[in-house]
Amino acid sequence: MVLFEQEYDWTPADSSQDVPFSFDCPDSVQKIRLHFIFSPGLEIADEICRPQVEKALTRYYDCYPRDLQPMDAQKFLPVKNLITLSLDKDGRYLGNAHRWAPDQAHILTETQASLGFTPPDRLPGHWAGMLHLHEVISPACHGKLRIEGREAYEMVSG
């Protein structure tokens with residue numbers, strides 16, 4: 001059963017923002033599956049990436065003489081969009097999927113959880129989460145979050 005489904009459209013202006021989401025899980029659910037995708041995963045356009053890389057190099061490496069430690073922007077291209085997902089349940093932080101992957105699936109039960117998360121004490125009830133838009137460098141980035149609850153009699157596909 002679908003517990004939550006939302007599509008998103010982001011631009012670079014959305015970088016460093018947090019996007020909250022929440023859902024309710026009924027008593028019959030024994031497994032929660034979160035599927036989060038966003039696209040593009042990385043930006044390859046030189047005219048978009050290079051100015052941002054040069055800005056970062058200037059900000060973080062200008063205290064070092066460039067002739068002693070040359071920094072070439074080309075070595076940092078292409079630039080990835082970074083959007084992560086965190087969860088909490090009953091006021092308890094359950095973890096964060098701090099991944100570069102633009103296609104992610106995470107599973108939680110009362111006894112097991114995907115890497116980066118801890119299992120909740122119980123699945124039923126109100127859940128809260130956050131999409132963390134660390135960096136959206138692409139002019140347009142589309143995302144989708146789908147959260148499914150699996151009941152005991154259902155086949156689980158990942």
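Gly91 fulfils the conditions (1) open to solvent by 60 Å² or more (accessible area, probe 1.4 Å); (2) at negative phi; (3) among the small types (Gly, Ala, Ser) except for a single criterion, (2). The combined condition, being acidic (Asp, Glu) and modelled with pLDDT of 95 or more, is not fulfilled by Glu154. Among the residues here, Cys49 qualifies as at pLDDT below 95, surrounded by 15 or more Cβ atoms within 10 Å (Cβ to Cβ) and within 23 Å of Leu131 (Cβ to Cβ). Are any residues in region 94-113 open to solvent by less than 30 Å² (accessible area, probe 1.4 Å) and either free of Cβ contacts under 8 Å to residues at least 24 places away in the same chain or on the phi > 0 side of the Ramachandran plot (or both), and if so, which ones? Answer for region 94-113, where residues must be open to solvent by less than 30 Å² (accessible area, probe 1.4 Å) and either free of Cβ contacts under 8 Å to residues at least 24 places away in the same chain or on the phi > 0 side of the Ramachandran plot (or both): just Gly95. The condition of being farther than 29 Å from Gly125 by Cβ and in a strand (DSSP E or B) holds for Asp9.
The values are calculated or read from the model by the stated rules, or taken from the named source; none is laboratory data. Keep in mind it's a predicted model, so treat the numbers as computed, not measured. Glycine also receives a Cβ, built like all others from the backbone with ideal geometry; neighbour counts cover every protein chain displayed. Just so you know, the surface numbers come from the protein's heavy atoms only, side chains and all, with ligands and any DNA or RNA stripped out. Shrake-Rupley method; radii C 1.70, N 1.55, O 1.52, S 1.80 Å.
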